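The values are calculated or read from the model by the stated rules, or taken from the named source; none is laboratory data. Quantities reported herein were computed from a predicted structural model and do not represent experimental measurements. No Cβ is skipped: glycine too gets one built from the backbone with ideal geometry, and neighbour counts run over all protein chains shown. Protein only, heavy atoms only, side chains kept; ligands, DNA and RNA dropped before computing areas. Shrake-Rupley method; radii C 1.70, N 1.55, O 1.52, S 1.80 Å.
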Amino acid sequence: MKLTKLLLILSVVFFFGDAYAQLEKLKIAAADQNYMRLLKVASDATEVKELKKMPEVYYYLSQSYINLAQDERYLQKNPDAIKKAVSFMLKGIKKDNGKEVLNSKFDVVRDMVVESNDREAFKQYNTNKYAKAAKLYGQSYQIDTTRRSSYFFQAKSYLGAGENLSAEVIYKDLINRYREDHTNGVELKELEVDPLVYFIDKYWKDNKYDSAIALITDGRKLYGDNAKLNFYLRKITSDIIKDMPPSKLMLDYVQEVLFYVPTAEEFLQKENSIYIYLIKNSITNNHWSESDTMINQFVREKIQKNKLKQLIRIKETDIFIEKKTENVLWKLAEYFEHYSHYKSASYVLEKYISHTTEGDQPSDTLSRWQVISDYTYQTKSLTFACFIIQEAILNYPSNEELLKLRSRVIAEKEVVRTSVDEQGALYRLVKEEFEYNPSTEVLDKLEKINSKYLGLLVSENRFSSARQVISELIGYFPDKDHSDQLQLIAREDFYQNYFNTKTKGKDINGKDITPFVWNGRVGGCNQGTIDREIQNKVVDRINYFRRNAGVPEVLFDEATNEYCQKAALMMTANNALSHEPSKTWRCWSSEGAYAAKHSLLIKEANTSMAVTYIMDDKNPSAGNRRWLLYPNGRVYGHGSTNDYAVIWALDDSGTTDTAEYMNKPISWPPKGYLPQLMLMENWTFSLYADLANATVVVLQDGKSLEVNVEPYVEGYGAPTLVFKPKYNKNTLPAKSDFNVQISLSDGRQFNYVVHTFAYNPVR
């Protein structure tokens, strides 16, 4: 028994002595940087049962390979050297409890292995071998879990390989670690914002704007004013406010972007447009306290922007930037006058006068009005000068100096060639003079200036204003025959905004019009684009019908046009019309589907001809026409292929008070003068009233016509009565009058006359 124990002790001593000797050889070879020797000794050690359990053996093997790999000649002969260094390092880690040996004795080797492996991983990443790169970066991170760059690039490699879920797990972990670092006062690096940006981008594309904004806010705490966060803040905010009506909330969104990106042109323009809308709206509704608050805030911010270091770039976009309050107010008043917001211009001008008047006596204020009126006439545009003079006289109607100035301006300018806007300003000035001096002399002057102004408006294609001016002229001269002028307006409006908006056929000289040809294709789902000239023709034709029907004109929005174009592609790709296209449709897109839901869809017509198809709606409900003439519509859109058209018309973004149309009908054919070509099979009468039991009488040149009244149908734009008078359009005389009488069940009656005349520009 004693002998057995003795032999056992001797064998253990022998073994440990041998193992110790082997380890000493490894240490010596490593210390001597004899890596070929180290490789051989370490390789032999792995064959010894007892030694191969020690992590040091594998770390030495890794050390030998990684150092030998520094020699390009060795690496060329042994291209797997780095791979082997990584493999042996990982084997050692499996046997190294808590990496104690690795971190205490082989930290330099560890760093060399990870750096070399990361370089190899980056090569794979740059050649789009993402799965391979992810594996290598994962190995680096397994070796050194403090090296977050490897962990980060593993996630990026996963994304490249399409393994998003794996990447997201890493990104979420990294975000939590970065937050901990920030809490502990560790400075974060630029690259470390990317995991957060990934989720911001994901939420943005999924239309989860609140979640995306919340992450951006979180990111501000970690990274402050960061370019990537600013980029997404701009993009997401643009999407959020795209369909939002102007409001203080919208202003808050815009100003948050400008806080971080003060030179963002789109948002500088948007900020001004919101302010102007809110100020104008509050003044229009006599909300004076709100008006003052908004104006004062606007002025303060413009003065504050003047102090920013980016001032030069900001002023390229923002015309209101000034150093002084009075200068901002002056520019704001000038802006409102230029865009015919006269009530707003007047209110802001009063604030300007009050701010710049020295002294508190009434005579001081009058003196300021006199000075500014004369100054404006001498230095500013005629339109603005006329407005200032009008405002001054409104405040001081009997002041001789101001009245003389008005007379002098009229005398000097009425014989001078002026632009349409200048003529309009002069016309308004003479109207005001007539109110205070209704003499025959001033009335004759008013008629002369009115007629000149009317001609300029017609030549400039400003028919809404022309109709207003002729209406005023009729009021001043009710006993005169204005039919020639009214027919001129109707004829020229038709020629400029209907005939000249054709996109195929022949022009007035009989020459072929270059036809619209779709530049997209179904293959590859390319929706194509539409030139601005074509879009202008489409919106001009829409506004021809709306203006003559008595409803506000609309405008096109580029983003809405793009949505409509994608919808038109979908209709073409599937040779079908649908307001609810399935996701299984070829070339389906969320934007196109959204447009399809809010648009009028036309087959076998495109561009401006599609507008005529919509108006010439033979459906008993005339639903398409009703939407095209919807009074509260404001922002429309259009898209076309060769044989399909999409016109976004289900819009309710206008500011029209529909109560106005409880007594003012919308009709087609409309009241007044109209080319016979625009008489259509369905006649419509729209009014916000009960039309269910209405009766219709139509007289053609005094002769009663048979009229078929369609059953009343609700649900398309404004409430509308559809009826069909029976007459022969092809045998109409050169001029014909249709008297329309609509009697409602509540006893109200509406009478109007449609004066039709023969007109064809090509004859």
Filtering segment 259-277 down to residues that are hydrophobic (A, V, I, L, M, F, W, C) and open to solvent by 10 Å² or more (accessible area, probe 1.4 Å), which residue is farthest from GLU290 (Cα to Cα)? VAL261
Name the helices (runs of 4 or more DSSP H) wholly within segment 145-216 that hold at least 1 residues that are of a type in the set (A, V, I, L, M, F, W, C) and within 30 Å of GLY98 (Cα to Cα)? 148-160, 164-183
Which count do you get for residues in segment 691-704 that are surrounded by 16 or more Cβ atoms within 10 Å (Cβ to Cβ) and outside any strand (DSSP E or B)? 2
Give the residues of segment 411-462 that are farther than 17 Å from CYS386 by Cα, in a loop (DSSP other than H, G, I, E, B) and open to solvent by less than 70 Å² (accessible area, probe 1.4 Å), sorted by residue number. SER439, ASN461
MET244 is checked against (1) part of a helix (DSSP H, G or I); (2) without any contact (Cβ under 8 Å) to a residue 24 or more places away in the chain; (3) under 20 Å from ARG634 (Cβ atoms); (4) aliphatic (A, V, I, L, M) and fails just one. What number does that condition carry? (1)
Return yes or no: is MET680 within 34 Å of the chain's Cα centre (by Cα), farther than 30 Å from LYS242 by Cα and either modelled with pLDDT under 95 or β-branched (Val, Ile, Thr) (or both)? no
Only one residue in ASP252, ASP225 is open to solvent by 50 Å² or more (accessible area, probe 1.4 Å) and assigned to a loop (DSSP other than H, G, I, E, B). Which one? ASP225
I'd like to know if segment 215-224 contains one or more residues that are touching a residue at least 24 places away in the same chain (Cβ under 8 Å), charged (D, E, K, R), under 23 Å from TYR563 (Cβ atoms) and out of contact with any Ser or Thr (no Cβ under 6 Å at 6 or more places or on another chain). no
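Would you say PRO631 is in a loop (DSSP other than H, G, I, E, B), touching a residue at least 24 places away in the same chain (Cβ under 8 Å) and open to solvent by less than 50 Å² (accessible area, probe 1.4 Å)?
Taking the combined requirement at face value, the residue satisfies it.
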Failed criterion for ASN184 (all others in (1) open to solvent by 30 Å² or more (accessible area, probe 1.4 Å); (2) of a type in the set (S, T, N, Q); (3) under 30 Å from GLN63 (Cα atoms) hold): (3)
Enumerated helices (runs of 4 or more DSSP H) restricted to segment 259-377, each holding at least 2 residues that are of a type outside the set (Phe, Trp, Tyr) and over 28 Å from LEU405 (Cβ atoms): 265-284, 288-305, 311-315
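Does ASN509 satisfy being touching a Lys or Arg at 6+ places or on another chain (Cβ under 8 Å) and either loosely packed, with under 14 Cβ neighbours inside 10 Å or more than 21 Å from LEU650 (Cβ to Cβ) (or both)?
no
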Which residues, counting only those in segment 710-721, are touching a strand residue (DSSP E or B) at 6+ places or on another chain (Cβ under 9 Å) and either of a type in the set (Gly, Ala, Ser) or surrounded by 14 or more Cβ atoms within 10 Å (Cβ to Cβ) (or both)? GLU710, TYR712, VAL713, GLY717, ALA718, PRO719, THR720, LEU721
For segment 48-58, indicate whether the set of residues that are closer than 19 Å to LEU23 by Cβ, out of contact with any helix residue (DSSP H, G or I) (no Cβ under 8 Å at 6 or more places or on another chain) and open to solvent by 30 Å² or more (accessible area, probe 1.4 Å) is non-empty. yes
Subset of segment 307-325, residues open to solvent by 50 Å² or more (accessible area, probe 1.4 Å) and either in contact with a helix residue (DSSP H, G or I) (Cβ under 7 Å, 6 or more places away or on another chain) or farther than 18 Å from GLN297 by Cα (or both), comes to LEU308, LYS309, GLN310, ILE312, ARG313, LYS315, GLU316, ILE319, LYS323
Filtered residue count, segment 703-729, keeping only those that are among the charged types (D, E, K, R), farther than 14 Å from ASN682 by Cα and at pLDDT below 95: 1
Checked pairs for segment 515-530, first free of Cβ contacts under 8 Å to residues at least 24 places away in the same chain, second open to solvent by 70 Å² or more (accessible area, probe 1.4 Å), C-beta under 8 Å and 6 or more apart or across chains, list as PRO515/LYS504; ASN519/THR529
Among the residues of segment 331-343, write down those that are crowded, with 21+ Cβ neighbours inside 10 Å, over 17 Å from ARG428 (Cα atoms) and either in contact (Cβ under 8 Å) with a residue 60 or more places away in the chain or not small (Gly, Ala, Ser) (or both). LEU332
